[in-house]
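Visitor: This structure is in structure tokens; I'll ask about it shortly.
Since every read-out is calculated from the coordinates, none of them should be taken as a lab result. Predicted, not measured: the structure shown is a model, and the values here were computed from it. For neighbour counting, all protein chains shown are included, and Cβ atoms are generated from backbone atoms with ideal geometry for every residue, glycine included.
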Amino acid sequence: MSKPCDVSDYQRLAQKRVPRMFFDYADSGSWTESTYRRNETDFQRLLLRQRVAVDMTRRSTATSMAGDKVSMPVALAPTGLTGMQHADGEILAAQAAEQFGVPFTLSTMSICSIEDVAAHTQKPFWFQLYVMRDRDFIGRLIDRAKAAGCSALMVTLDLQILGQRHKDIRNGLSAPPKMTLNSLLQLATRPHWCLKMLGTRRRGFGNIIGHVSGVSDLSSLGAWTAEQFDPQLSWDDIDWIRERWGGKLILKGILDPEDARMAARTGADALIVSNHGGRQLDGAPSSIAMLPTILDAVGDDIEVHVDGGIRSGQDVLKAVCLGAKGTYIGRPFLYGLGAAGKAGVDDVLRILHQELDTTMALCGERLLTNLGRHNLLEPTLFDR
Ligand code: FNR
């Protein structure tokens, strides 16, 4: 393939380089994948207003997200098993984000541990927390994130129970991985990936293995995780998490205006309008379609971010025009990582930035902070 020029080029490259079960894990949604697809296609419904003969020099995409300065309003979303797209994946992605001046969020379900990522980066990153039944473990995770200098804690609220993902079931993706003839064949056809993986010690869930009594390997981890996501999670839990953490708090996985109002009442610094990239409630609306209603519901009470389906700098711009203060990418950076390691994530960020900058200019804007509904032809498309 010639030099990749957009995110879909990296998607195709990653498919060639990453064993199928791990590529599919990233590239899929739950059940019929209707929400997963809608996240992307709804962006195409928003039309941009072209302007000409206005001064487009000295442009800047810089802004801030949850109080952190960013070179563009695009953070790397937390993604579990990132270290299976590429050996040491979380470290490489964090380094790429750091160099580009955007936040990296480490997932609870990462392969590299909080301490591993902290040891290989210079600037603070963000940590994402799943609320598990074992509250002692959660408390210790929060303390570890604090000790590692993480500058924000992101609590994910939309995974009290796991949405069913058919591709993972069909591929037999599990912890520990089942070594069937099929999975061995998948690995055998990706020797480059296997060699890199053999060259690293980081192959288990570093935040969990060795930090929970009785969980010392992948096999005991599987049993522990299966019963750990907490179906009893409530807003009261956010209070004690907030108290224990004591720093910047971001609530992720809000798709309903009622929930958004509850999130704002917790005093959190930001909320993320998100349906987990279409991996949880299939049949739910896209995040971008819910953004205006949620902004109406919370007003200025809390900063609002959005993720799901962002595949270009144009999508970032559309989200900002509708009022999002920041956006996140999950799959786009995973494709870059799977295709080419850190260089792939670097390039995905560069591509998004270039697309954002050029689109801003063609819309007649010089500063990202000046973007608004006036840049869209039908800004009321998703209003209720
Ligand atoms: C996720 N997501 C996710 N979210 C979270 O809070 N904790 C996690 O561990 C994960 N894991 C995860 C794995 C993979 C492979 C994907 C694709 C996604 C959801 C993620 O943070 C984000 O909400 C979506 O990825 C955004 O959608 P796009 O950008 O992938 O379309």
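Visitor: Enumerate the amide H contacts of Arg49 below 5 Å, restricted to partners 5 or more residues apart or on another chain; note that Pro and chain-start residues carry no placed amide H.
Guide: It is Leu376, Leu377, by chain and number.
Visitor: Efficiency by 1/(1 + (r/R0)^6): what FRET value for Met262 and Arg49, r their Cβ-Cβ distance, R0 = 30 Å, to the nearest 0.05? Display every interim value, and only then the final one.
Guide: Values: r = 35 Å, r/R0 = 1.16.
Calculated transfer efficiency: 0.30.
Visitor: Find the relative contact order for the chain and round it to a whole percent, using C-alpha pairs within less than 8 Å whose residues are 6+ positions apart.
Guide: 29 percent
Visitor: Using every Cα-Cα pair within the chain, state what percent have a distance larger than 27 Å.
Guide: Result for the distance tail: 46 percent.
Visitor: Bin width 5 Å, origin at 0, all Cα-Cα pairs of segment 251-384: what percent of pairs per bin?
Guide: Spelled out per bin, shortest first, that is 2, 11, 19, 20, 19, 15, 9, 4, 0.
Visitor: Could you run the Karplus curve 6.51 cos²θ - 1.76 cosθ + 1.60 with θ = phi - 60° over segment 121-134 and give me ³J(HN,Hα) per residue in whole Hz, x for Gly and Pro?
Guide: Each residue's phi maps through the Karplus curve to give 10, 9, 9, x, 10, 9, 10, 9, 10, 8, 7, 9, 4, 6 Hz.
Visitor: Lysines near Lys196 by alpha-carbon distance under 24 Å, same-chain residues fewer than 8 away left out - which ones?
Guide: Hits, sequence-local ones excluded: Lys3, Lys16, Lys178, Lys342.
Visitor: Based solely on its DSSP helices, what 222 nm [θ] is calculated for the chain when runs of n ≥ 4 H residues each add -39,500 (n - 2.57) and the sum is averaged over all residues, nearest 500 deg cm²/dmol?
Guide: Working: 15 runs with 167 residues, N = 384.
Mean residue ellipticity at 222 nm (helix-derived): -13000 deg cm²/dmol.
Visitor: How many angstrom lie between the C-alpha centres of segment 312-345 and segment 77-94?
Guide: So the two Cα centres are separated by 15 Å.
Visitor: Additional query: For Tyr25, what is the net charge nearby, where nearby means another residue's Cβ is under 13 Å from its Cβ and Lys, Arg count +1, Asp, Glu -1?
Guide: So the environment of Tyr25 carries a net charge of +3.
Visitor: Run the numbers on segment 270-324 and let me know its relative contact order in percent, using alpha-carbon pairs under 8 Å that are six or more apart.
Guide: Computed over segment 270-324, the figure is 46 percent.
Visitor: Note down the magnitude of the dipole of the chain about its Cα centre, charges +1 on Lys and Arg C-beta and -1 on Asp and Glu C-beta and zero elsewhere, to the nearest 20 debye.
Guide: About 1140 debye.
Visitor: Using a 7 Å offset from the Cα along the Cα-to-Cβ direction at both Ala223 and Arg170, what is the distance between the two label points in nm, to one decimal?
Guide: Label at Ala223, label at Arg170, 3.2 nm between them.
Visitor: Which residues does a label at Gln354 reach in segment 33-55, if reach means a backbone N under 13 Å from a point 7 Å past the Cα toward the Cβ?
Guide: none
Visitor: Size of the dipole of segment 101-174 about the Cα centre, Lys and Arg at +1 and Asp and Glu at -1 on the beta carbon, nothing else charged, in debye to 20?
Guide: Approximately 140 debye in magnitude.
Visitor: Report the one residue of Gly139, Ser8, Thr108 whose Cα lies farthest in the direction of the positive end of the charge dipole of the chain (charges on C-beta: Lys and Arg +1, Asp and Glu -1; origin at the Cα centre).
Guide: Ser8
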